[in-house]
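One structure, as structure tokens, below. Some questions next.
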Amino acid sequence: MSLLKLQGRPNRPSAVTRAVWLLLLGLALEVTASVLWAPPDQTEIISMLIRLALTLSIARGRNWARLMFAILFVCGIPFIVMDINRILATEPQWVINMVVQAGLQIVALVGLFSRAASAWFRQRLAASPATSAT
């Protein structure tokens with residue numbers, strides 16, 4: 001069984017499946033770059049684990065994970081912009097990695113907030129037993 005062909009998710013839109021694969025690809029690129037260029041520190045490892053957990057939660061139809069990923073992406077943009085000159089001067093190979101990852105994440109986010117994906121996440125949220133308790 002495929003990692004993303006999760007049980008009980010037969011109606012998942014293809015846009016969500018593609019988005020999850022793009023997010024996993026970006027994470028794999030980051031792990032590979034870290035292994036090749038510089039070992040990740042604890043903060044980077046925690047960041048990668050959070051992204052993996054969010055991505056897997058998105059694949060399972062968790063709307064909170066989709067929203068959290070979008071919020072973290074948007075909040076991270078100013079830090080990348082502020083840091084770009086230092087990175088270009090000291091570690092230019094990371095800029096290519098950052099641009100590719102940002103592109104993958106933007107395409108994934110567009111898919112995750114497409115009409116079909118949004119409807120699927122709303123449907124999953126409405127069917128969740130936790131929503132009736134809140």
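Determine if segment 87-96 includes at least one residue that is in contact with a helix residue (DSSP H, G or I) (Cβ under 8 Å, 6 or more places away or on another chain) and of a type in the set (Asp, Glu). First the steps, then the outcome.
Step one: list which residues in segment 87-96 are in contact with a helix residue (DSSP H, G or I) (Cβ under 8 Å, 6 or more places away or on another chain), which gives 87-88, 91, 93-95.
In the following step, the residues that additionally are of a type in the set (Asp, Glu) were identified as 91.
Taking every residue of segment 87-96 in turn, at least one turns out to be in contact with a helix residue (DSSP H, G or I) (Cβ under 8 Å, 6 or more places away or on another chain) and of a type in the set (Asp, Glu).
Restricting the first residue to segment 33-47 and requiring it to be over 18 Å from Pro92 (Cβ atoms) and free of Cβ contacts under 8 Å to residues at least 60 places away in the same chain, which pairs with a second residue that is of a type outside the set (A, V, I, L, M, F, W, C) and in a loop (DSSP other than H, G, I, E, B) meet a Cβ separation below 9 Å and a spacing of at least six or different chains?
Pairs that qualify, where the first residue is over 18 Å from Pro92 (Cβ atoms) and free of Cβ contacts under 8 Å to residues at least 60 places away in the same chain and the partner is of a type outside the set (A, V, I, L, M, F, W, C) and in a loop (DSSP other than H, G, I, E, B), are Ser47/Pro40.
Being β-branched (Val, Ile, Thr), surrounded by 16 or more Cβ atoms within 10 Å (Cβ to Cβ) and either part of a helix (DSSP H, G or I) or in contact with a Lys or Arg (Cβ under 8 Å, 6 or more places away or on another chain) (or both), is that true of even one residue in segment 56-70? Step through it out loud before you land on a result.
From segment 56-70, those β-branched (Val, Ile, Thr) are 58; that's our starting set.
Okay, now just the ones that are also surrounded by 16 or more Cβ atoms within 10 Å (Cβ to Cβ), so 58.
If we keep only those that are either part of a helix (DSSP H, G or I) or in contact with a Lys or Arg (Cβ under 8 Å, 6 or more places away or on another chain) (or both) too, we end up with 58.
Within segment 56-70 (the criterion being β-branched (Val, Ile, Thr), surrounded by 16 or more Cβ atoms within 10 Å (Cβ to Cβ) and either part of a helix (DSSP H, G or I) or in contact with a Lys or Arg (Cβ under 8 Å, 6 or more places away or on another chain) (or both)), the answer is yes, since at least one residue qualifies.
Give all pairs with beta carbons closer than 7 Å in which a residue from segment 54-78 that is under 16 Å from Gly26 (Cα atoms) meets a residue that is surrounded by fewer than 16 Cβ atoms within 10 Å (Cβ to Cβ); count only pairs at least 6 apart in sequence or on separate chains.
Going by the 7 Å Cβ cut-off, the qualifying pairs are Ala59/Leu6.
Okay, next question. For segment 71-105, give me the residue count where each residue is surrounded by 12 or more Cβ atoms within 10 Å (Cβ to Cβ) and aliphatic (A, V, I, L, M).
The qualifying residues number 10.
Also, quick follow-up: Going by the structure shown, is Pro40 outside any helix (DSSP H, G or I) and on the phi < 0 side of the Ramachandran plot?
Details: outside any helix (DSSP H, G or I): yes; on the phi < 0 side of the Ramachandran plot: yes.
The answer is yes for Pro40.
Conditions: (1) of a type in the set (Val, Ile, Thr); (2) more than 27 Å from Ala127 (Cα to Cα); (3) surrounded by 12 or more Cβ atoms within 10 Å (Cβ to Cβ). Thr32 meets all but one. Number of the miss?
With respect to (1) of a type in the set (Val, Ile, Thr); (2) more than 27 Å from Ala127 (Cα to Cα); (3) surrounded by 12 or more Cβ atoms within 10 Å (Cβ to Cβ), Thr32 is out only on (3).
Also: What about Val99, is it of a type in the set (Val, Ile, Thr) and modelled with pLDDT under 95? Don't jump to the end; show me each part of the working.
Numbers: of a type in the set (Val, Ile, Thr): yes; modelled with pLDDT under 95: yes.
In short, yes.
Somewhere in segment 86-97, is a residue farther than 16 Å from Val16 by Cα, of a type in the set (A, V, I, L, M) and in contact (Cβ under 8 Å) with a residue 60 or more places away in the chain?
Within segment 86-97, the subset farther than 16 Å from Val16 by Cα is 86-97.
From the residues that got through so far, the ones that are of a type in the set (A, V, I, L, M) too are 87-89, 95-96.
This time we only want the ones that are in contact (Cβ under 8 Å) with a residue 60 or more places away in the chain, so: none.
No, the conditions are met nowhere in segment 86-97.
May I pose another question? Please list, ordered by first then second residue, the pairs with beta carbon atoms under 8 Å, 6 or more apart or interchain, first in segment 106-127 and over 17 Å from Leu23 (Cβ atoms), second among the β-branched types (Val, Ile, Thr) and modelled with pLDDT under 95.
Listed pairs, sorted by first residue: Leu125/Thr131.
The values are calculated or read from the model by the stated rules, or taken from the named source; none is laboratory data. Here the structure is a predicted model, which means the values were calculated and not measured. We place every Cβ from the backbone using ideal geometry, glycine too, and count neighbours over all the protein chains shown.
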